[in-house]
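**Student:** Before anything else, here's the structure in question.
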Amino acid sequence: MRKLGRFKWDWGEFNANNFSIIYGIAGSREMKGGLHFINESCHIFIPYGKLKMEYEEWQRISLVKKPTKIHFYGGNGSISADFMVEMKKFYILGYGKVGKPYLLGSARGYVEINGKRMNFDSTGFYEHHGRFE
């Protein structure tokens, strides 16, 4: 489906302190995915729908608009999250200005589990393919 250009997705991975935050949201009409919080003792998931994603800023990179700031927030039972992903730098893998952009960004915010809040400020990669309407 991706080769046909009908499949859109966003994903990113950020490691902070002793945990990782991985998000992945994909679809064309019905969105699937969400946010994974993973550390040595647990793996908790917030599904899309309970996790909100808002694009706040855009920039044209290699002929395509990409998000430079995305806000994630929401919760599912005993876990909640609120963080911003902001682009720091992009890399074009290809030739000249024609290629596939990879986005290096920072994720800043918090995850709260059972009333325990964990703030984080991390650098990682994220990708965006296609604008969600």
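Since every read-out is calculated from the coordinates, none of them should be taken as a lab result. Since this is a predicted model, take the numbers as computed values, not measurements. Don't worry about glycine lacking a Cβ; one is built from the backbone with ideal geometry, like all the others, and counts go over all protein chains shown.
**Student:** Once Rh is set to the Kirkwood radius over Cα pairs, what Stokes-Einstein translational diffusion coefficient, in µm²/s, holds for the range 2-129 at a temperature of 4 °C and a viscosity of 1.567 mPa s? Spell out each step's value before the answer.
**Tutor:** Details: Rh = 15.3 Å.
It diffuses with D of about 85 µm²/s by this estimate.
**Student:** What dipole magnitude, in Debye to the nearest 20, does the range 3-57 give about its Cα centre under +1 on Lys/Arg Cβ and -1 on Asp/Glu Cβ?
**Tutor:** Magnitude of the dipole: close to 400 debye.
**Student:** Select from the range 37-126 those trypsin sites (Lys or Arg not before Pro) which occupy a DSSP coil region and have at most 14 other Cβ atoms within 10 Å, ordered by residue number. Kindly include the intermediate steps, with their values, before the conclusion.
**Tutor:** Values: sites: LYS50, LYS52, ARG60, LYS65, LYS69, LYS88, LYS89, LYS97, ARG108, LYS116, ARG117; in loops: LYS50, LYS97.
Loop-located and lightly packed - LYS97.
**Student:** For the range 2-129, compute the number of Lys pairs whose alpha carbons are separated by less than 16 Å, excluding pairs fewer than 8 positions apart on the same chain.
**Tutor:** 20
**Student:** Out of the range 5-64, which GluC sites (Glu not before Pro) are coil in DSSP terms and have no more than 16 other C-beta atoms within 10 Å? If you can, show how the numbers build up before the last one.
**Tutor:** Working: sites: GLU13, GLU30, GLU40, GLU54, GLU56, GLU57; in loops: GLU30, GLU40.
Answer by residue number: GLU30, GLU40.
**Student:** Also, I was wondering about something else. From the residues ILE25, ASN119, PHE90, which one has its Cα farthest along the dipole of the chain in the positive direction, the dipole being from +1 and -1 charges on Cβ of Lys/Arg and Asp/Glu about the Cα centre?
**Tutor:** So the residue we want is PHE90.
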